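What follows is a set of notes on a single structure, which appears directly below.
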Amino acid sequence: MRIILLGPPGVGKGTQASLIAKGFNIPKISTGDMLRDAIAKGSAIGKKVHDIMERGDYVSEEIIEELITKRLKSGDCKEGYLFDGFPRTMSQIKFLEKNDIHIDYVIEIKVPEEEIISRLSGRRIHIKSGRVYHIKNNPPKVDGIDDITKEPLTHRNDDKPETIKTRLTVYKQQTEPLVDYYKQQHAMNTLTYFTVDGNQDTEAVYKDIEHRLKARNKTNTSYL
Ligand code: AMP
C-alpha cells in the first residue's frame, strides 16, 4: 500500500502519518523530518537547506529527489510506505511517475486556516522521532520534554508567526494544484483520493482514515 498525505502545514499530517504507519505496518517517509534530521546532524544537505527552511520556502527538487531515492532503497519499503510532505510540487509528481512509483491512496486533510495558525504556533516537536505535541491540545507529560525519550522538545523556527504565513502562501501556490491533479487521477481510477475533516480530535481523524483505507473500495468514485 503506497499512500500520500496531503494538506497544508499544521493539519496534523505528521501525527496521522505516525498512526497510519503503526496501524498498517508501513514506514512513514517524511521529507520534513529527514531535512530537520540533516540540519541537526550538520550534514552537507542540512547546511544547504537550513536558511531556506527557516524562511518557509521549499528546498530544491534535486535535494528532495536525492533523499527519496535513497530512502526507497531501504528494505522496509518493499511492502509499501506513506509519504508525509511529499510530493509538494508537480515536478515531484513527475519524479514519481518517471520512476514508475504507483500510488494507491491520496488522503487530503482539511482544516480551516485560523485553526492551522493556532495549531502551528503551539506546536512542539521531538526532532529525532517526528513526534508532535501541542502546548494546549496535546501537551507532553512534562513541559518541553518528549514523553518517550525524555529529550527536549523543539519549537520549530518555521512555526513562528512570520514564517507560518509564508508557508501557507507557498502551499497555496505550489502544492494546492496537486489536489486537482489527484482528483483527476481518482476519476480515471488510477488511485483513490479522499478528504478527511482534520478539525476533529486526533483519534476521530485516524478512525476516518482507517475506515476508508480498510474499505479499499476502488470502485467508489465519491471522494468528498
Ligand atoms: P514539513 O515538516 O513537511 O512541514 O516540512 C518543513 C519544510 O521542509 C518545508 O517548509 C520545506 O522547506 C521543506 N520540505 C519538506 N518537504 C519538502 C518537499 N517535498 N519539497 C520541498 N521542500 C520540502
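Please treat every number below as a calculation from the coordinates, not as lab data. Worth saying up front: this structure is predicted, and the values here are computed from it rather than measured. All Cβ positions, glycine included, derive from the backbone under ideal geometry; neighbour counts span all protein chains shown.
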message = Debye calculation, C-alpha points only, no solvent: report log10 I(q)/I(0) for the chain at q = 0.09 Å⁻¹, in the same order as the q values.
response = -0.35
key: Gyration tensor verdict on the range 133-224 (Cα atoms; rounded if a/c is under 1.5, prolate if a/b is larger than b/c, oblate otherwise)   = oblate
message = Given R₀ = 35 Å, what would the calculated FRET efficiency be for K47 paired with Q184, taking r from the Cβ atoms and rounding to 0.05?
response = 0.35
key: Computed lengthening from K141 to K22, 0.36 nm per intervening residue step minus Cα-Cα distance   = 40.7 nm
key: Beta bridges by DSSP in the chain, antiparallel share as percent, to the nearest 5   = 30
remark   = Any residue on another chain or 5+ positions along whose placed amide H is under 5 Å from the amide H of I145 is listed here as L153
ask   = Roughly speaking, what is the centre-to-centre gap between the range 1-53 and the range 117-170 when only Cα atoms are used, to the nearest Å?
value = 14
message = Report the Cα-based extents of the range 1-42 along its three principal axes, largest first, to the nearest Å.
response = 33, 23, 15
inquiry  = Viscosity 1.306 mPa s, temperature 10 °C: give me the Stokes-Einstein translational D for the range 75-159 in µm²/s, with Rh taken as the Kirkwood radius over C-alpha pairs.
reply    = 102
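Using only DSSP helix segments of four residues or longer, with each worth -39500 (n - 2.57), what per-residue ellipticity at 222 nm results for the chain after dividing by its residue count and rounding to 500? It would help to have the intermediate numbers written out before the result.
Numbers: 9 runs with 100 residues, N = 224.
Roughly -13500 deg cm²/dmol at 222 nm, from the helical runs in the chain.
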